[in-house]
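*Asks:* Sharing a structure below in structure tokens format, with a few things to ask.
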Amino acid sequence: MVRSERRGAVAILRINRPEARNALNAAVFAALNGHLAELRTDDSVRAIVLAGASGVFCAGADITAFDALRADPLIGQRRASGGTLWADLENFPKPVIAAVEGLALGGGLELVLACDTSIVGQGARLGLPEVKLGVIPGGGGTQRLIRALGKPRAMALLLSGDLVTGTEAATLGLVGKVVDDDEVVEQAIALAQRISANSPLAVALAKDAALAAQTGSIAAGLEHEKRNFVYSLASDDSHEGQAAFVAKRSPNFTGR
């Protein structure tokens, strides 16, 4: 259901249900959660690219599972958000980049929104079309879309169910960067590799501080940033980065 590949310090996870346009079901959720749990403690991995197989990112939830979810509301409530998948992606200690080819609909777009940034093909199609099926997003789409776009633009997409192209999504600020359709995964890997060359500790602390900006006041966020800065300054990586800069050589970061 999910293929795992490696490119140096970058792990590439590919949702692999091409017969269902990589739609999300319980097996995909379990596989993604399992891979993330392994990668969390693998120090040789410094960044992750999340992609889809066969030129499609993810067409959303598997609609054929709706009847089973209706039969047990408690199961439906738990699976609506894929267990802890969305929160795990957003709060993962290593950077996660979505590589979006083809479709990113419903739960697929919610995956993109939970990642740190995204590389998207010009011809990709993104949206939250759940209202067209008589339901609403259940994986954080109503919350993260507002934070990404602001109320007016988010409401227009959320309530209409309209789709946008990759180019339009970049103009709206919904995605990180738009590229040619055949360059999406390689561009995402290239970004992940540039990130991987930096101090893994500093990257993790920067991500942690930035996420604090979404959950509290600016004053609380600044305090969070200050604590992380002081912590990073005392690290071995900080000393190594300074020494490498002075010696005009590449740093050898260890994450400590």
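*Asks:* Can you give me the ranges of the strands (runs of 3 or more DSSP E) entirely in the range 66-168 with at least 3 residues that are touching a Cys at 6+ places or on another chain (Cβ under 9 Å) and either at pLDDT 95 or above or open to solvent by less than 10 Å² (accessible area, probe 1.4 Å) (or both)?
*Replies:* Working: elements: 96-100, 103-105, 117-121, 125-127, 163-165.
Because the criterion is at least 3 residues that are touching a Cys at 6+ places or on another chain (Cβ under 9 Å) and either at pLDDT 95 or above or open to solvent by less than 10 Å² (accessible area, probe 1.4 Å) (or both), the strands (runs of 3 or more DSSP E) in the range 66-168 that meet it are 96-100, 103-105.
*Asks:* Residue 22 versus (1) more than 29 Å from residue 206 (Cα to Cα); (2) crowded, with 19+ Cβ neighbours inside 10 Å; (3) at pLDDT below 95: which is the lone unmet condition?
*Replies:* Single failed check for residue 22: (3).
*Asks:* Do any residues in the range 208-237 that are within 21 Å of residue 149 (Cα to Cα) have Cβ atoms under 7 Å from those of residues that are open to solvent by 70 Å² or more (accessible area, probe 1.4 Å), where the two are at least six apart or on different chains, and which pairs are they?
*Replies:* Taking only residues 6 or more apart or on different chains, the pairs are 209/225; 211/91; 214/147; 221/213.
*Asks:* Now for a separate question. Collect the residues in the range 20-52 that are in a strand (DSSP E or B) and over 17 Å from residue 88 (Cβ atoms), keeping them in residue-number order. Full working, then the answer.
*Replies:* Narrowing the range 20-52 to residues in a strand (DSSP E or B): 24, 47-52.
Residues satisfying the conditions are 51, 52.
*Asks:* A further question follows. For the range 198-233, give me each residue that is open to solvent by less than 40 Å² (accessible area, probe 1.4 Å) and among the basic types (Lys, Arg).
*Replies:* Listed by number, the list holds a single entry, 207.
*Asks:* If you don't mind, another one. I'd like the residue in the range 6-19 that is assigned to a strand (DSSP E or B) and over 17 Å from the mean Cα position of the chain (by Cα) and, out of all such residues, is surrounded by the fewest Cβ atoms within 10 Å (Cβ to Cβ). So that I can check it myself, show each step before the final result.
*Replies:* Taking the range 6-19 as the starting set, the residues that turn out to be assigned to a strand (DSSP E or B) are 6-7, 10-15.
Still in the list and also over 17 Å from the mean Cα position of the chain (by Cα): 6-7.
Working: 6: 11, 7: 15.
Looking at the filtered set, the residue picked out is 6.
*Asks:* State all residues of the range 169-186 that are open to solvent by 20 Å² or more (accessible area, probe 1.4 Å) and either of a type in the set (Lys, Arg) or assigned to a helix (DSSP H, G or I) (or both); if no residue qualifies, say none.
*Replies:* Here is the first cut: in the range 169-186, the residues open to solvent by 20 Å² or more (accessible area, probe 1.4 Å) are 170-173, 176-178, 180-183, 186.
Correct list: 170, 171, 172, 177, 181, 182, 183, 186.
*Asks:* If I filter the range 33-63 down to residues being small (Gly, Ala, Ser) and open to solvent by 50 Å² or more (accessible area, probe 1.4 Å), which single residue comes out as nearest to residue 112 (Cα to Cα)? Working first, answer last.
*Replies:* Narrowing the range 33-63 to residues small (Gly, Ala, Ser): 34, 37, 44, 47, 51-55, 59-61.
From the residues that got through so far, the ones that are open to solvent by 50 Å² or more (accessible area, probe 1.4 Å) too are 37, 44, 54, 61.
Working: 37: 19, 44: 24, 54: 18, 61: 14 Å.
So the residue we want is 61.
The values are calculated or read from the model by the stated rules, or taken from the named source; none is laboratory data. The structure presented is a predicted model; accordingly, all values stated were derived computationally and were not measured. FYI the Cβ positions are ideal-geometry reconstructions off the backbone, even for glycines, and counts take in every protein chain you see. Ligands, DNA and RNA are stripped out before the accessible areas are found, and what is left, the full protein with its side chains, is counted by its heavy atoms. Shrake-Rupley method; radii C 1.70, N 1.55, O 1.52, S 1.80 Å.
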